[in-house]
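K.L.:
Here it is, the structure, as structure tokens.
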Amino acid sequence: MKRLMALGILIVAIFTGMSAAQEITDWSELTDKALPAIVTVMSAGEEGAENTPLSSGFIISGDGKVVTSFNAIAGKRNLLVRRSDGSFLTVKGFIAADADKGLIILQAEGNNLPFIPLGDSDKVKLGEAICVISSMPSAAGQISTGVVSAFRELKSGLKTLQITTPVTKESIGAPVFNKKAEIIGIASFCPLEGGQVVSIAIPSNVAKELLKGAKAEVQPLSGDSFAPFALATAQTELYKTYKEAIQTPQPGEDNLVIALLRIAEAMARAGQTDSALGTFSKAMDFSQKIGDKESQSWAVMEIAKSLTRAGQFDKALQVAKGIWISPHVDRRSYAMAEIGISMAKAGQLDQGLQVVQEVSDLLYRCYGLVGIAGVMVEAGQRERAKHIADQALQVAKSLKDKDERSGWIGEVARVMAKTGDFDKALQVAKGGDNKYLAWIAEEMAKDGQFDRALQTAKGTKDVRWRESALLNIIKEMAKAGQFDQAIKVSQEIKDPYKRCQGLSCVAAAMAMAGQQEPAGQIYTLALQTAQGIKAGYERNFSFSVVAQAFAQAKQFDKALQIAEGIVNENKSEQSGNYVFFLLAEAMASAGQYDQALQAAQRIADASVRSNTLSEVAMTMARAGQFDASLKVAQTIQDPLARLDALAGIINVIKAQKQQ
């Protein structure tokens, strides 16, 4: 009997508990207590402009620590916190942030502020009732209730709480309460495949862990202090520039195709695959409207090559197989060879080799095999590269056209030299064009075999190729610190144009090695050589090379003096395009960014100036100067060059983030 009574009591208790759980909870008392600590995070308007609401947030300590969504505020530098009574707190910076988990803890000014402590999200149960209290009303209201409907793990690995409460732009960053008035999460949302979006709560314990690792000093809201800030800014600018570049008219069919492909490749480099593929599709649609078959064949080939550079190998192969084969040139085979080489560069050596071996045109098959052999050398697979070079040699020997056969046998000899098999390379090149021996000599110098390299180069009958080889040997000697020998070889070069290059290279290497006095003597010789060249392109180029050498040795005043001399002598700003490009590049590499930018602004040609600014911006980003690099990128007038710069900066930021 007692057992039956106990069982009855238990059954009543279970049903009573279920009824209580199903009762509507009155959240009004909680709302009254919580609202003073729930805030709106705003972007401060400049010069009288209105402040812009970004997200909800909440104060977790009396001294002004505020938890909110990282994604909502990323890229904004000047923030304010608006309280429920309408008063504002200035945000001094942040003390902790995690872009992958989507949270940031801001530090606002204030003392003795009302705050809400974080609860324990590990105790959350499936089906538990929750309430989201936003700082701003939305279509879903300011207060929304629901339940924890699932535990969802995001692609980043973060385990979140899926909630039935709708999360809007206004409520992102808002606190998520349980029935005990504890904060168990921070409101956010997650996009799914197919365009669906689900509401989630980032667990409160994630914020607790973030708080444990908080910095003692407040950090500024800048990309230099936290790279994801710069990444957010760069991505915003990228989209703006993408729209501008797409809408910029291009003269002629060829220019339009190239512009679209350049845009697509930039978006692919920035990781914006959908935009990239959409732009490739536009280029493909346009190519189908080109009336001339030759022009259309060229356009489709360029699209296939561009897809390859973007890493879209399957799509590139699909496009390449549809290229019309002209009676004059087999662009399909050329595209397939390029795809195979690019696949090899991306680490897909076997797949790339298979693609190349299936190329029907023998000339382009040889081109592909030589290219893959070169990639294998760079990957340290010299023995395998030798085997591929042998295959390429057999293909080259089978070419019917005498000039093509001779040319590609020389190319094979060059790649054999890259593998270190100099004896075989010399044997293959024997009796061929002089340039092949020159190429082999250069590879010997890169391998540190200077005496043999000089002997091979001097055996080249054509003086132009011989002295080109000697110049490259000098550069390798200078890198290796073989200054005396490099100077001697430089002075043996008869062409003053190449002699000036050799001496300038040696002088810069000596100066960077700390040998300032002897370097000065060599600089003088280089200048005297340049001064002896008659007016014209070679004279300007020679002076430019000397100026670059001074800049590489961080002797910027002397470099600029020479550059000014070129402009004054020619009485044309255009004549300074090349030298100021070289100086800007050297100055940026030396960390002299202000001087680099000043040099870039001296470039008269708008296209060259834009590309130079892009290079300077990239160099600054690689040095961790993210904010400054973005400012430089934003000054680039040409939208295509600006897009390239932004894509490059995004790549650098992502790479540094992974380290």
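The values are calculated or read from the model by the stated rules, or taken from the named source; none is laboratory data. Small disclaimer: the values here were computed from a predicted structure and weren't measured. Positions of Cβ are generated from backbone atoms using ideal geometry, with glycine treated the same way; all protein chains shown enter the neighbour counts. Surface accessibility is based on the protein's heavy atoms, side chains included, excluding ligands, DNA and RNA. Shrake-Rupley method; radii C 1.70, N 1.55, O 1.52, S 1.80 Å.
K.L.:
If you take just the strands (runs of 3 or more DSSP E) that sit entirely in the stretch 151-195, which of them hold at least 2 residues that are hydrophobic (A, V, I, L, M, F, W, C), closer than 20 Å to ILE105 by Cβ and under 34 Å from the mean Cα position of the chain (by Cα)? Talk me through it step by step, then tell me what you get.
P.N.:
Details: elements: 159-163, 175-178, 183-191.
So the answer is 183-191.
For every residue, the table says whether it meets (1) crowded, with 19+ Cβ neighbours inside 10 Å; (2) without any contact (Cβ under 8 Å) to a residue 12 or more places away in the chain; (3) in a strand (DSSP E or B).
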| position | (1), (2), (3) |
| --- | --- |
| GLY86 | no, yes, no |
| ASP100 | no, no, no |
| LEU106 | yes, no, yes |
| PRO114 | no, no, no |
| GLY127 | no, no, no |
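K.L.:
Please verify whether THR16 is of a type outside the set (Lys, Arg), open to solvent by 20 Å² or more (accessible area, probe 1.4 Å), at pLDDT below 90 and not in a helix (DSSP H, G or I), treating the condition exactly as stated.
P.N.:
Values: of a type outside the set (Lys, Arg): yes; open to solvent by 20 Å² or more (accessible area, probe 1.4 Å): yes; at pLDDT below 90: yes; not in a helix (DSSP H, G or I): no.
Criteria not met by THR16.
K.L.:
Now for a different question. So SER222 passes all but one of these: (1) in a loop (DSSP other than H, G, I, E, B); (2) out of contact with any strand residue (DSSP E or B) (no Cβ under 8 Å at 6 or more places or on another chain); (3) buried (at least 19 other Cβ atoms within 10 Å of the Cβ); (4) among the small types (Gly, Ala, Ser). Which condition number does it fail?
P.N.:
Here SER222 meets the rest and fails (3).
K.L.:
Could you run through the stretch 247-273 and say how many residues are in a helix (DSSP H, G or I), surrounded by fewer than 19 Cβ atoms within 10 Å (Cβ to Cβ) and within 15 Å of the chain's Cα centre (by Cα)?
P.N.:
2
K.L.:
Right, next: Which residues, counting only those in the stretch 372-394, are open to solvent by 20 Å² or more (accessible area, probe 1.4 Å) and not polar (S, T, N, Q)? Before you say what the answer is, go through the steps one by one.
P.N.:
Here is the first cut: in the stretch 372-394, the residues open to solvent by 20 Å² or more (accessible area, probe 1.4 Å) are 377-384, 386-387, 390-391, 394.
Correct list: VAL377, GLU378, ALA379, GLY380, ARG382, GLU383, ARG384, LYS386, HIS387, ASP390.
K.L.:
If I filter the stretch 62-76 for residues that are among the β-branched types (Val, Ile, Thr), over 31 Å from the mean Cα position of the chain (by Cα), outside any strand (DSSP E or B) and surrounded by 14 or more Cβ atoms within 10 Å (Cβ to Cβ), do I get at least one hit? Full working, then the answer.
P.N.:
Kept after step one, since they are among the β-branched types (Val, Ile, Thr), are these residues of the stretch 62-76: 66-68, 73.
The next check asks that each one be over 31 Å from the mean Cα position of the chain (by Cα); those that pass are 66.
Now restrict to residues that are outside any strand (DSSP E or B): none.
No, the stretch 62-76 contains no residue that is among the β-branched types (Val, Ile, Thr), over 31 Å from the mean Cα position of the chain (by Cα), outside any strand (DSSP E or B) and surrounded by 14 or more Cβ atoms within 10 Å (Cβ to Cβ).
K.L.:
Looking at LYS534, is it over 33 Å from the mean Cα position of the chain (by Cα) and closer than 26 Å to ASN577 by Cβ?
P.N.:
Here the answer is yes, as LYS534 does meet what is asked.
K.L.:
Suppose the filter is surrounded by 23 or more Cβ atoms within 10 Å (Cβ to Cβ) and charged (D, E, K, R); does GLU443 pass it?
P.N.:
Working: surrounded by 23 or more Cβ atoms within 10 Å (Cβ to Cβ): yes; charged (D, E, K, R): yes.
So GLU443 fits the description; yes.
K.L.:
Would you confirm whether any residue within the stretch 365-376 is within 18 Å of ILE339 (Cα to Cα), modelled with pLDDT of 95 or more and among the basic types (Lys, Arg)?
P.N.:
Applying the first criterion (within 18 Å of ILE339 (Cα to Cα)) to the stretch 365-376 yields 365-376.
If we keep only those that are modelled with pLDDT of 95 or more as well, we get 365-376.
With the extra rule that they be among the basic types (Lys, Arg), the set shrinks to 365.
Checked against the condition, which is being within 18 Å of ILE339 (Cα to Cα), modelled with pLDDT of 95 or more and among the basic types (Lys, Arg), the stretch 365-376 yields at least one hit.
K.L.:
Further question on the same structure: Which of the residues spanning the stretch 508-535 are in a helix (DSSP H, G or I), open to solvent by 50 Å² or more (accessible area, probe 1.4 Å) and either under 22 Å from SER575 (Cβ atoms) or touching a Lys or Arg at 6+ places or on another chain (Cβ under 7 Å) (or both)? Quick ask: steps written out before the conclusion?
P.N.:
Residues of the stretch 508-535 that are in a helix (DSSP H, G or I), as a first pass: 508-512, 516-531.
From what's left, open to solvent by 50 Å² or more (accessible area, probe 1.4 Å): 512, 516-517, 521, 524-525, 528, 531.
Matches in the stretch 508-535: GLN528, GLN531.
K.L.:
Then there's this: For the stretch 565-653, give me every one of the helices (runs of 4 or more DSSP H) that falls completely inside it and has 3 or more residues that are open to solvent by 50 Å² or more (accessible area, probe 1.4 Å). Before you say what the answer is, go through the steps one by one.
P.N.:
Numbers: elements: 577-589, 593-601, 606-622, 626-634.
Correct list: 577-589, 593-601, 606-622.
K.L.:
Quick one: what pairs do we get from the stretch 463-481, first residue closer than 16 Å to ASN434 by Cα and hydroxyl-bearing (Ser, Thr, Tyr), second open to solvent by 50 Å² or more (accessible area, probe 1.4 Å) and in a helix (DSSP H, G or I), C-beta under 9 Å, 6+ apart or different chains?
P.N.:
Final answer for the pair search is SER468/LYS435.
K.L.:
Considering each of ILE603, ILE566, ILE650 in turn, give the residue that is touching a residue at least 60 places away in the same chain (Cβ under 8 Å), hydrophobic (A, V, I, L, M, F, W, C) and touching a Gly at 6+ places or on another chain (Cβ under 8 Å). Before you say what the answer is, go through the steps one by one.
P.N.:
Numbers: ILE603 fails: touching a residue at least 60 places away in the same chain (Cβ under 8 Å); ILE566 fails: touching a residue at least 60 places away in the same chain (Cβ under 8 Å).
It is ILE650.
K.L.:
Next question. So LYS418 ticks every box in (1) open to solvent by 40 Å² or more (accessible area, probe 1.4 Å); (2) touching a residue at least 40 places away in the same chain (Cβ under 8 Å); (3) more than 26 Å from GLN482 (Cα to Cα) but one. Which box is left unticked?
P.N.:
Result: LYS418 fails condition (3) only.
K.L.:
Let me ask something else. Kindly evaluate ARG499 against the criterion of being crowded, with 23+ Cβ neighbours inside 10 Å and charged (D, E, K, R).
P.N.:
Numbers: crowded, with 23+ Cβ neighbours inside 10 Å: yes; charged (D, E, K, R): yes.
Against the criterion (crowded, with 23+ Cβ neighbours inside 10 Å and charged (D, E, K, R)), ARG499 qualifies.
K.L.:
Same structure again: Helices (runs of 4 or more DSSP H) wholly in the stretch 380-494 with at least 2 residues that are among the aromatic types (Phe, Trp, Tyr) - which ones?
P.N.:
Working: elements: 382-397, 402-418, 422-429, 434-446, 450-458, 463-479, 483-492.
Those helices (runs of 4 or more DSSP H) span 434-446.
K.L.:
Could you run through the stretch 167-178 and say how many residues are at pLDDT 90 or above and either open to solvent by 20 Å² or more (accessible area, probe 1.4 Å) or of a type in the set (A, V, I, L, M) (or both)?
P.N.:
Number satisfying all stated conditions: 4.
Residue-wise test of (1) of a type in the set (Asp, Glu); (2) without any contact (Cβ under 8 Å) to a residue 40 or more places away in the chain.
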position: LYS159; (1), (2): no, no
position: ILE163; (1), (2): no, yes
position: LYS179; (1), (2): no, no
position: ILE183; (1), (2): no, no
position: GLU193; (1), (2): yes, yes
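K.L.:
Suppose we filter VAL567, VAL546, VAL616, VAL632 for residues that are more than 18 Å from TYR239 (Cα to Cα), at pLDDT 95 or above and among the β-branched types (Val, Ile, Thr); which single one remains? Please lay out each step first, then the result.
P.N.:
Values: VAL567 fails: at pLDDT 95 or above; VAL546 fails: at pLDDT 95 or above; VAL632 fails: more than 18 Å from TYR239 (Cα to Cα).
Result of the check over VAL567, VAL546, VAL616, VAL632: VAL616.
K.L.:
If I ask for residues that are touching a helix residue (DSSP H, G or I) at 6+ places or on another chain (Cβ under 7 Å) and either over 15 Å from ALA641 (Cβ atoms) or open to solvent by less than 40 Å² (accessible area, probe 1.4 Å) (or both), which ones from the stretch 229-245 would you list?
P.N.:
Passing the criteria: ALA230, LEU231, THR233, ALA234, GLN235, GLU237, LEU238, THR241, TYR242, ALA245.
K.L.:
Could you please let me know if THR160 is closer than 30 Å to ASP63 by Cβ and either touching a Pro at 6+ places or on another chain (Cβ under 8 Å) or surrounded by fewer than 24 Cβ atoms within 10 Å (Cβ to Cβ) (or both)? Give the steps one after another, and end with the answer.
P.N.:
Working: closer than 30 Å to ASP63 by Cβ: yes; either touching a Pro at 6+ places or on another chain (Cβ under 8 Å) or surrounded by fewer than 24 Cβ atoms within 10 Å (Cβ to Cβ) (or both): yes.
Yes, satisfied.
K.L.:
Only one residue in GLU209, GLU237, GLU244, GLU217 is on the phi < 0 side of the Ramachandran plot and part of a loop (DSSP other than H, G, I, E, B). Which one? It would help to see each step written out before you state the result.
P.N.:
On the way: GLU209 fails: part of a loop (DSSP other than H, G, I, E, B); GLU237 fails: part of a loop (DSSP other than H, G, I, E, B); GLU244 fails: part of a loop (DSSP other than H, G, I, E, B).
Matching residue, one of GLU209, GLU237, GLU244, GLU217: GLU217.
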